[in-house]
Amino acid sequence: MENQPISIASASIYELLLLIQKQRIVIDLPLNEWLNAATVEADINVLDMSYDIAREAAMLPLHHGDPLDRVIVASALYHHTLLASVDSQFPSFEKLQGKLINGKDNTV
């Protein structure tokens, strides 16, 4: 997992866009310009949802009821990458053991 590009699941972008739409997050640029700056210009790789990720998400234990959060977990697992999240339910996923940066103690 060394030297991997920083990535974000497309499900995370969708959730962020909902927060912007609900005005819970305010951005200072037009949406498309902001998205381009936050991903392409920042060299952030977007992990699109695929058949394999959807299947992985559906097969995860039901520790988390939010389907988009399950897609985020599945995206990290499918791409064999670390997952940074403060979601309190993510440590319950055994498959994330050693792959989760939880924000509390910054350990994997």
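A few comments on the model shown:
- Approximating the spin labels as points 7 Å out from Cα along Cα→Cβ, the His80-to-Ala58 distance works out to 2.5 nm.
- Expressed as a whole percent, the accessible surface of the chain that belongs to carbon and sulfur atoms is 54, based on a 1.4 Å probe.
- Averaged per residue, the chain has 68 square angstrom of accessible surface, using a 1.4 angstrom probe with ligands and nucleic acids left out.
- Gyration tensor over the Cα atoms of the chain: the corresponding equivalent ellipsoid has semi-axes (square roots of 5 times the eigenvalues, largest first) of 24, 16, 14 Å.
- Helical segments meeting 15 Å axial Cα length and Kyte-Doolittle -1.0 threshold in the chain (DSSP H): 10-21, 67-78
- Heavy-atom accessible area ranking, 1.4 Å probe, most first, across Asp28, Asp52: Asp28, Asp52
- In this entry, the range 1-49 is assigned a mean projected area of 3.9 nm², taken as a quarter of its C-alpha convex hull surface.
- Ranking Ile20, Val46, Pro5 by how far each Cα lies toward the positive end of the dipole of the chain (charges on Cβ) leaves Ile20 at the top.
- Longest DSSP-loop-exposure-free segment, trypsin sites (Lys or Arg not before Pro), the chain, at most 11 other Cβ within 10 Å: 25-103
The values are calculated or read from the model by the stated rules, or taken from the named source; none is laboratory data. Here the structure is a predicted model, which is why all the values come from computation and not from measurement. FYI the Cβ positions are ideal-geometry reconstructions off the backbone, even for glycines, and counts take in every protein chain you see. Each accessible area value is taken on the protein alone, full model and side chains, heavy atoms only, with ligands, DNA and RNA left out. Shrake-Rupley method; radii C 1.70, N 1.55, O 1.52, S 1.80 Å.
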